[in-house]
């Protein structure tokens, strides 16, 4: 509810209470032709809420963005700034909050590897799990997401757009989606359970 509509409802409620407090000397009775005070208060409050929601409609905050393989973002990519290095993108549902609700916006997870030599290096080896970095963000529409690259020293809210088979960033860098994935760029040991 906007500030204006909340103010409207508050004023309507105050007016209803004022009417009730000044009418205590009148004996209102429940008959077919008159209203009692409770009906009057609920009538005024109901009208105020109906007017507020009609005059000040709220836009829905839901997104139509898909998760999993239904998202165009999901997949493996080539990054021209880091040739042959891992760039894996997944879109998952938003985590459950403490109150049992979820954000309307799915989470984008990007896992990558920049090579042993670091920035700008061509990857010639496979990473270990410890070599991987991970950044996250939110998918706002089917083709736009905001990613927090601050763990890698970048901006906290970088726009990522899915266009023409790839992810385009504001600096002009475009990651191109690789059909069939890039399994040869993953660490050799990707098991999640180990028995020792």
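The values are calculated or read from the model by the stated rules, or taken from the named source; none is laboratory data. Predicted model only: the values in this text are computed from it and were never measured. All Cβ positions, even for glycine, are placed from backbone atoms using ideal geometry, and neighbour counts span all protein chains on display.
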_Boolean, residue 77 is at pLDDT 70 or above, buried (at least 18 other Cβ atoms within 10 Å of the Cβ) and not in a loop (DSSP other than H, G, I, E, B)_ = yes
_Condition broken by residue 188, with the remaining ones in (1) within 26 Å of the chain's Cα centre (by Cα); (2) on the phi < 0 side of the Ramachandran plot satisfied_ = (1)
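Residues that are assigned to a helix (DSSP H, G or I) and touching a residue at least 40 places away in the same chain (Cβ under 8 Å): does segment 185-195 have at least one?
Going through segment 185-195, the residues assigned to a helix (DSSP H, G or I) turn out to be 185.
Subset that is touching a residue at least 40 places away in the same chain (Cβ under 8 Å): 185.
Yes: one or more hits.
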*In segment 80-93, the residues that are in contact with a strand residue (DSSP E or B) (Cβ under 7 Å, 6 or more places away or on another chain) and touching a residue at least 40 places away in the same chain (Cβ under 8 Å)*: 85, 86, 87, 88, 89, 91
*Scope segment 130-149; condition over 22 Å from the mean Cα position of the chain (by Cα) and part of a loop (DSSP other than H, G, I, E, B); matching residues*: 132
*Check whether at least one residue in segment 51-63 is within 17 Å of the chain's Cα centre (by Cα), surrounded by 15 or more Cβ atoms within 10 Å (Cβ to Cβ) and at pLDDT below 65, and report yes or no.*
yes
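Yes/no matrix, rows are residues, columns are (1) surrounded by fewer than 11 Cβ atoms within 10 Å (Cβ to Cβ); (2) modelled with pLDDT of 95 or more; (3) within 14 Å of residue 73 (Cβ to Cβ); (4) not assigned by TED's automatic domain parsing to the domain that holds residue 77:
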{"position": "94", "(1), (2), (3), (4)": "no, no, no, no"}
{"position": "104", "(1), (2), (3), (4)": "no, no, no, no"}
{"position": "115", "(1), (2), (3), (4)": "no, no, no, no"}
{"position": "134", "(1), (2), (3), (4)": "no, yes, no, no"}
{"position": "150", "(1), (2), (3), (4)": "no, yes, no, no"}
{"position": "153", "(1), (2), (3), (4)": "yes, no, no, no"}
{"position": "178", "(1), (2), (3), (4)": "no, yes, yes, no"}
*Just one of (1) part of a loop (DSSP other than H, G, I, E, B); (2) surrounded by 18 or more Cβ atoms within 10 Å (Cβ to Cβ); (3) free of Cβ contacts under 8 Å to residues at least 40 places away in the same chain trips up residue 127, so point out which.*
(3)
